[in-house]
Structure formats: structure tokens, C-alpha cells
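Structure, as C-alpha cells:
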Amino acid sequence: MTNALTRRVLDLLARHAPAQRPHWESMLTHALDTEPAVFARPAFSDHYRTLAANADWFADSLVANACLEGYGAQQILLFAQRLPKPQHAQLARRHALDESRHATVFILALDLVFPGLLASQDDSVRAQVRAMQPFLRDETPFSQQPDLLTPTQAIADIIQIHITEIRALVLQDLVREAFLRHAPQAHAARLLRISDRLIADEGRHIAYCADIIEEAASSSADASGQLHEEMANHMRNFNDLTNDELERQAIEL
Ligand SMILES: [Fe+2]
Ligand SMILES: [Fe+2]
């Protein structure tokens, strides 16, 4: 039986980035069956829904998401510059530009869900919100750095980014619900289009990592088996970190 999250990811990729990825598909299924994602547990979603029912909390979380997207964009840009294969570096650079745009889109969404809220803040708050957005552009300087990653390091980081993007997808599904809960009716259609685009982008981010993982798994008979274990190990570590985080916040799921 396929795990519900595996199914969600496979369906999304079939829609936005279809390709044959047999090794990756088997790896994802194995990783999520042996280490079901804590961030996709129904109790986790219910907890988010309870928090997001509060308008102040949700407004703050949109700003926090913008900040995380902006930070992620800069980290991925640095990572892209250290990827040994130029074609992979270009894919990761594209990803960084998307995340930079997402930072700005979350602020736009804040304004659509809570019209006038940001405008009513004082200058220093608005300056902070602006500073969270990296505004990366196609013209942003980009060059390969001398401290390139080894292929093994590169694939480990790609798997880590892959899982982070799957978590981003789960979050986007929940954010979409909360948009509709709080937004004025007149802005609902526009917010749904924004959400569609964000979800499609997350699908493409998951997909290019899947392509790189597929390529690595196809390189030798041993590679696929090793990567199966590696993906499951990354998922386990990711779950451990999520559980630590929940414990720190004294949340029981
Ligand atoms: Fe994003
Ligand atoms: Fe993403």
C-alpha cells in the first residue's frame, strides 16, 4: 500500500513534471513506508489548523514563512555555486530564484488575506519585512565557487533539500486552507491562484531533486541500493529533528 504522502507527491509530479523515475519512486516509497514523515501526520495538520484558526497567529506565520523562504533562497544559491555539475547548478540556481519570489509572494498573500495590516505597521516593521525578501533576479551574479562539493556530499544535500521541499508542499496545502478561512471573499480567487502556483513550484523543486537522485541511482548497480538506505536515513534524521522541535514546544501529537 502506498503511503498517502507518497501518493500526493507522485500525483503532483505526474501533473507538473512528468518523467520516468523508477529508482527514485521506489526510494521515496521505501523511505516514507519505513520512516513515515512526522510533518505529514494527521495530528500535525490538526495542530497547525488549530493554531492557524487564530488570525494573529496566521498573519505572523505568513511573515515567518516569507522570512524562511528568503533565507532558503540565499542558502540554495550558495549551495548551487558549489555543485560540481554545471547543469545541476543551473537547476538549483533556478530553485533559489523561485524561493526568493516565494518570500515576496507570502508578503503579497499577507496583504490579500489581511488587507491594510502591513500598511498600518510602523516604518521599522515594514523595513524589516522588506529586508526579509532577497529579490534575487536572473541577473543576480552567479559563478561556480572553488570549494566544490564531492558527488557524495552533493547527493546527500540534494536528498536533504528534496525532503525539505516535500515538507514545503505539505505546508502549502495547509496554508491554502487557512487563506480561505481568513481572506475576504473578494480575494479568495486570487489567493487560490497564488496557492496553485506555489504548489506547482514546490512540485518542480521536488522533481528536479528527484531527477538528480534518479541519475545518481542509475549510475551503477550498487548505487540504487545505497541511495535507498540513504534516503530512509535522511527521513529518519528529519523526523528526529521534527520530534525534538515538537518536544521543545511541548507539543504532543
Ligand atoms: Fe517555497
Ligand atoms: Fe520550494
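Number of residues in the range 58-87 that are away from ligand 1 (no atom under 11 Å from the Cβ) and open to solvent by less than 20 Å² (accessible area, probe 1.4 Å): the value is 6. Among all residues of the range 34-56, there is none that is among the small types (G, A, S), surrounded by 18 or more Cβ atoms within 10 Å (Cβ to Cβ) and within 16 Å of ligand 1 (Cβ to nearest atom).
Just one of the listed residues (D122, D157, D111, D98) is charged (D, E, K, R), within 16 Å of ligand 1 (Cβ to nearest atom) and modelled with pLDDT of 95 or more, namely D98. Based on what the data block shows, is E202 of a type in the set (D, E) and touching an Asp or Glu at 6+ places or on another chain (Cβ under 9 Å)? In short, yes. The residues of the range 196-216 that are more than 16 Å from ligand 1 (Cβ to nearest atom) and under 16 Å from L13 (Cβ atoms), listed by number, are A210, D211, I212, I213, E214, E215. From the list A154, A178, A221, the lone residue that is at negative phi and in contact with a Pro (Cβ under 7 Å, 6 or more places away or on another chain) is A154. Taken together, E245, E230, E252 contain a single residue that is open to solvent by less than 80 Å² (accessible area, probe 1.4 Å), acidic (D, E), over 18 Å from L5 (Cβ atoms) and modelled with pLDDT under 95, which is E245.
The values are calculated or read from the model by the stated rules, or taken from the named source; none is laboratory data. Because the structure is predicted, anything quoted here is derived from the model rather than measured. Glycine gets a Cβ as well: all are built from the backbone with ideal geometry, and neighbour counts include every protein chain shown. Ligands, DNA and RNA are stripped out before the accessible areas are found, and what is left, the full protein with its side chains, is counted by its heavy atoms. Shrake-Rupley method; radii C 1.70, N 1.55, O 1.52, S 1.80 Å.
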